[in-house]
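The values are calculated or read from the model by the stated rules, or taken from the named source; none is laboratory data. Remember, predicted model here, so these are calculated numbers, not experimental data. Positions of Cβ are generated from backbone atoms using ideal geometry, with glycine treated the same way; all protein chains shown enter the neighbour counts.
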Amino acid sequence: MNLRNIRLGSNPLTIGLIFGVILALFLILYSFVAPYVDQVLGAISIFLNIGIYVIFGFLAGRRASKLTGKLTSAMGAGAIAGLLSALITGILSLLLTFINVDYYVKQAQLIANKQHPVVHVTSSDIMLAQVQYLLAPLVFAFLLVLIGGAIGGFLGKGRAQVAAAEEEVFTPPAPKTPAQDDDAPALTNSSNGTGAGIRRSAASWRSRNARRNRNMN
């Protein structure tokens, strides 16, 4: 049993699910330090954010293609990973917005009061705006993971083909069967014949003694 398959999945579906969950957890943890990273790196931080999605898609795609040797499997694993991570992070963001919706309504209402005409802001307006705000980044993240999966699948597919070719070239030697000793049956037959001969000699010796005894009587 391959323990690595158990740990990282044994088919593209499970690989995509596992890497999708890992990516979502990483993004959640990264969100706590993202503001500090943006301050340090500035505009360069956008390339770091893009690289996170591509790298995870690359790992998922390479893993899937190494198992199946197909580029479509890699893209499927990348697509599942990107979709699942986008759903998890999106749902979490909506949940946090729903928990603090009253605060967002008050802040939005303060801004709306400065406009003419004044618009009454409701919690449903806040939730709808949050969905619209998240839609484009999530689709973009999904596409990045899919691209990374395609790249990883292309490289992993080549390694899978090389491994398959090496397995076809190498043929294990046939197991050796123990050679039969041609003299064994002869020895057995000889020993059997010797035993039978001894028994016949003993029987003839007893019969001669019996006849001699009758003659003497």
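Do you know which residues across segment 112-130 are surrounded by fewer than 14 Cβ atoms within 10 Å (Cβ to Cβ) and under 26 Å from L83 (Cα atoms)?
Correct list: S124, L128.
Among the residues of segment 47-76 satisfying the criterion of being β-branched (V, I, T) and more than 17 Å from T89 (Cβ to Cβ), which is modelled with the highest pLDDT? Give the derivation first.
We begin by selecting, within segment 47-76, every residue β-branched (V, I, T); these are 50, 52, 54-55, 68, 72.
Now drop any that are not more than 17 Å from T89 (Cβ to Cβ), which leaves 68, 72.
Numbers: T68: 82, T72: 86.
So, considering only residues that are β-branched (V, I, T) and more than 17 Å from T89 (Cβ to Cβ), the one modelled with the highest pLDDT is T72.
Inside segment 73-111, can you point out the residues that are polar (S, T, N, Q), in contact with a helix residue (DSSP H, G or I) (Cβ under 8 Å, 6 or more places away or on another chain) and over 18 Å from F26 (Cα atoms)? Working first, answer last.
Step one: filter segment 73-111 for residues polar (S, T, N, Q), giving 73, 85, 89, 93, 97, 100, 107, 109.
Still in the running and in contact with a helix residue (DSSP H, G or I) (Cβ under 8 Å, 6 or more places away or on another chain): 73, 85, 89, 93, 97.
Within segment 73-111, S73, T97 meet the criteria.
Please enumerate the residues belonging to segment 109-133 that are small (G, A, S) and at pLDDT below 85.
First pass over segment 109-133, keeping only residues small (G, A, S): 112, 123-124, 129.
A112 - this is the single residue of segment 109-133 that is small (G, A, S) and at pLDDT below 85.
Pull out all pairs, ordered by first then second residue, where Cβ-Cβ is under 6 Å, the residues are six or more apart or on different chains, the first lies in segment 134-152 and is in the same structural domain as F58 (by TED's automatic domain parsing), and the second is aromatic (F, W, Y) and part of a helix (DSSP H, G or I).
A141/Y53; L144/Y53; V145/Y53; G148/F58; I151/F58; G152/F58
With at pLDDT below 85 and either of a type outside the set (S, T, Y) or assigned to a loop (DSSP other than H, G, I, E, B) (or both) as the only criterion, which of A164, A81, A141 stands out?
Values: A81 fails: at pLDDT below 85; A141 fails: at pLDDT below 85.
Matching residue, one of A164, A81, A141: A164.
Quick check on this structure: which one of G51, G90, G20 is in contact (Cβ under 8 Å) with a residue 24 or more places away in the chain and either outside any helix (DSSP H, G or I) or within 18 Å of I151 (Cα to Cα) (or both)?
On the way: G51 fails: in contact (Cβ under 8 Å) with a residue 24 or more places away in the chain; G90 fails: either outside any helix (DSSP H, G or I) or within 18 Å of I151 (Cα to Cα) (or both).
Result: G20 is the single residue among G51, G90, G20 that is in contact (Cβ under 8 Å) with a residue 24 or more places away in the chain and either outside any helix (DSSP H, G or I) or within 18 Å of I151 (Cα to Cα) (or both).
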